[in-house]
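Peer 1: Starting off with a structure, shown below.
The values are calculated or read from the model by the stated rules, or taken from the named source; none is laboratory data. Not measured: the values here are computed from a predicted model. Virtual Cβ from ideal backbone geometry, glycine too; neighbours counted across all protein chains shown.
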Protein chains: 2
Amino acid sequence: MIARLTANERDEALAALVGWAPVKDRDAMTRTFMFADFKEAFAFMTRVALAAEKMDHHPEWSNIYKTVTITLSTHEANGLTRRDIDLAKIIDGFV
Amino acid sequence: MIARLTANERDEALAALVGWAPVKDRDAMTRTFMFADFKEAFAFMTRVALAAEKMDHHPEWSNIYKTVTITLSTHEANGLTRRDIDLAKIIDGFV
């Protein structure tokens, strides 16, 4: 069982990430990514999907044409954990 | 400029599709697909993405683990058009 980040750990982790914001009324974080077009957006999604599957930790996400919105949280911990921070860093490396 | 379906055309088209429901307060339709796991869900999304790009008509969609929710509407017509029905039929062919 993976532990939720403490409030301090969470604040520190969010401060170290660029573009990720806390989600209202939920222990989760979200970031919206804009691309040139759908092809670029889906290419990014494919890279994220492969990384997520590899770490067995999956995003909640949506796509409309060139916009991708990703929300991260850890289901089994019911909140943000180290896994979300690690996945966010990997995702940020793709843009 | 592609024309919105008339109310009759829309009702007929929706009646001929399985699993697609009108969206509340919007001229759009939505269907939720469930798969065995994330790999299956994303494999489906990849097929949909390629088909959408080919017809230059893109879905609004979201994914959480093994669930994919797709909403179709035509931006430039501000509502459902023949393109949405065509894309829905292609998508349904993937499941």
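Peer 1: Among the residues of the range B:24-37, write down those that are loosely packed, with under 15 Cβ neighbours inside 10 Å and in a loop (DSSP other than H, G, I, E, B).
Peer 2: Residues satisfying the conditions are B:LYS24, B:ASP25, B:ARG26, B:ALA36, B:ASP37.
Peer 1: Tell me whether the range B:38-51 contains one or more residues that are among the β-branched types (Val, Ile, Thr) and outside any helix (DSSP H, G or I).
Peer 2: no
Peer 1: Looking only at the range A:60-89, filter to residues that are in a loop (DSSP other than H, G, I, E, B) and more than 8 Å from chain B (Cβ to nearest Cβ); which one of those is nearest to B:ASN63 (Cα to Cα)?
Peer 2: Ranking the candidates gives A:SER73 first.
Peer 1: Let me ask you something else. Could you grab me the full set of residues in the range A:58-81 that are among the aliphatic types (A, V, I, L, M) and surrounded by fewer than 20 Cβ atoms within 10 Å (Cβ to Cβ)?
Peer 2: Scanning the range A:58-81 gives A:ILE64, A:ALA77.
Peer 1: Report, by residue number, each residue of the range B:31-68 that is within 9 Å of the chain's Cα centre (by Cα) and touching a residue at least 12 places away in the same chain (Cβ under 8 Å).
Peer 2: Within the range B:31-68, B:ARG31, B:PRO59, B:GLU60, B:TRP61 qualify.
Peer 1: Can we say B:ARG10 is assigned to a helix (DSSP H, G or I), of a type in the set (Lys, Arg) and crowded, with 18+ Cβ neighbours inside 10 Å?
Peer 2: Judged against the criteria, B:ARG10 is a match.
Peer 1: Got a sec? Which of A:PRO22, A:PRO59 is modelled with pLDDT of 95 or more, closer than 17 Å to B:TYR65 by Cβ and not polar (S, T, N, Q)?
Peer 2: Residue meeting the stated conditions: A:PRO59.
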